[in-house]
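Enquirer: So that we are looking at the same thing, I have put the structure below in structure tokens.
Here, each number is a calculation from the coordinates, and none is a lab measurement. Treat the numbers as computed from the prediction; the structure is a model and nothing was measured. In this analysis, Cβ positions are derived from the backbone assuming ideal geometry, glycine residues included, and neighbour counts consider all displayed protein chains.
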Amino acid sequence: MSVNDDQVKGKVKQAEGAVRDAKGDLTDDPSDDLAGKAKKVEGKAQETFGDVKKRYTTRQSSSCIGVFQGPPAEQAALLILCF
């Protein structure tokens, strides 16, 4: 199973966000709490983009139309790859 850079970077951002979110919970700092949650969402988006990129690049089709069926977030990432 190969992993691309976007998948790895997304996981790292999710971990960083979880740490900052936990710090915000411990210190009752809403800015750290919110920043941590935002970083986790950013990381999940990047990981999803990496998942779609991996799936798309392994297909042998030259057309983006009808190549991928999946959750809306992954379909949106596929649109970015196609254009």
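Enquirer: Would you tally the net charge around GLY36, using a Cβ to Cβ cut-off of less than 9 Å, leaving GLY36 out, and scoring K and R as +1, D and E as -1?
Expert: Working: positive: ARG20, LYS23, LYS37, LYS39, LYS40; negative: GLU16, ASP21, ASP25, ASP32, ASP33.
Taking every other residue near GLY36 into account, the sum is 0.
Enquirer: Next question. How much net charge surrounds GLN7 when only the other residues with a Cβ under 12 Å from the Cβ of GLN7 are counted, with Lys and Arg +1 and Asp and Glu -1?
Expert: Working: positive: LYS9, LYS11, LYS13, LYS44, LYS53, LYS54, ARG55; negative: ASP5, ASP6, GLU47, ASP51.
Result for the local shell: +3.
Enquirer: Return the sequence-ordered ³J(HN,Hα) values of segment 3-9 in whole Hz as given by the Karplus equation 6.51 cos²θ - 1.76 cosθ + 1.60 applied to θ = phi - 60°, using x for Gly and Pro.
Expert: My calculation for segment 3-9 gives 10, 9, 4, 5, 5, 5, 4 Hz in order.
Enquirer: Still on this structure, I have one more. How would you rank 21-31, 7-17, highest first, on the average number of other Cβ atoms within 10 Å across their residues?
Expert: Numbers: 21-31: 12.5, 7-17: 17.0.
My ranking of the peptides, most packed first, is 7-17, 21-31.
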